[in-house]
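Right, one structure below, let's go through it.
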Amino acid sequence: MSLLDSPIASFAKSDLRKAEVTTTANRGPVEIRAGGATGPLLLVPQAAVQAIRDERTAIGEFVRIVVELRRPDPSPVMLGDVGFVASWPPEDRDRFLVGYAEAFDASLRAENLGPLHAFVAVMSAPNRVIDRPDFDGRVTTGAEEAIAARVQSRRP
């Protein structure tokens with residue numbers, strides 16, 4: 001469920017005291033016909049609002065990382081959680097950025113930042129996958145599970 005989904009039901013403002021309204025809102029966005037100049041309101045679970053906030057933050061981080069990795073001497077501080085990439089050779093940074101972008105795209109399509117977090121965890125590991133000569137930076141469908149399994153297998 002996302003804030004961007006069409007409302008699955010519509011209720012009048014006077015219906016707000018009914019349990020059916022919140023029960024329905026837990027399944028998807030609910031329109032509340034409030035009247036007045038502002039138009040209808042949208043009732044959604046707090047988790048859906050937090051998911052949108054997390055995605056908005058991740059978009060800002062993505063832009064900052066792309067810009068910083070394009071600099072000749074990227075700053076680990078500006079790169080934040082992926083600051084470990086700053087010391088890599090430019091061609092490895094480019095391959096990392098391709099994988100990061102694809103993991104980010106997979107995360108946005110899944111409405112879950114898990115693939116992105118898993119990619120960063122694997123890439124920051126001491127024996128990261130980028131050291132393999134066959135790594136081209138791409139993330140495939142279902143990569144979240146494969147990456148998570150790889151991360152788990154490396155934990156003591």
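The values are calculated or read from the model by the stated rules, or taken from the named source; none is laboratory data. Model, not experiment: these values are computed from the prediction. Methodologically, a virtual Cβ is constructed for each residue, glycine included, from the backbone with ideal geometry; neighbour enumeration extends over all protein chains shown.
Would you be able to tell me the number of residues in region 22-31 that are crowded, with 17+ Cβ neighbours inside 10 Å and farther than 9 Å from PRO7 by Cβ?
2
Is one or more of the residues making up region 72-95 at pLDDT 90 or above and farther than 25 Å from ALA125 by Cβ?
Checking region 72-95: at least one residue is at pLDDT 90 or above and farther than 25 Å from ALA125 by Cβ.
May I ask you to list the residues in region 1-31 that are touching a helix residue (DSSP H, G or I) at 6+ places or on another chain (Cβ under 6 Å) and modelled with pLDDT of 85 or more?
Scanning region 1-31 gives ALA9, PHE11, ASP15, VAL21, VAL30.
Report yes if some residue within region 123-134 is part of a helix (DSSP H, G or I) and either within 22 Å of ARG53 (Cβ to Cβ) or at pLDDT 90 or above (or both); otherwise report no.
No, region 123-134 contains no residue that is part of a helix (DSSP H, G or I) and either within 22 Å of ARG53 (Cβ to Cβ) or at pLDDT 90 or above (or both).
Looking only at region 50-70, count every residue that is among the hydroxyl-bearing types (Ser, Thr, Tyr) and in contact with an Asp or Glu (Cβ under 8 Å, 6 or more places away or on another chain) and tell me the total.
Count: 0.
Being farther than 12 Å from ILE65 by Cβ, part of a helix (DSSP H, G or I) and charged (D, E, K, R) is the filter here, so list the residues in region 79-113 that pass it.
GLU91, ASP92, ASP94, ARG95, GLU102, ASP105, ARG109
So the check is Cβ under 8 Å with 6+ separation or different chains; which pairs have a first residue in region 102-118 that's of a type in the set (S, T, N, Q) and a second one that's not in a helix (DSSP H, G or I)?
SER107/LEU113
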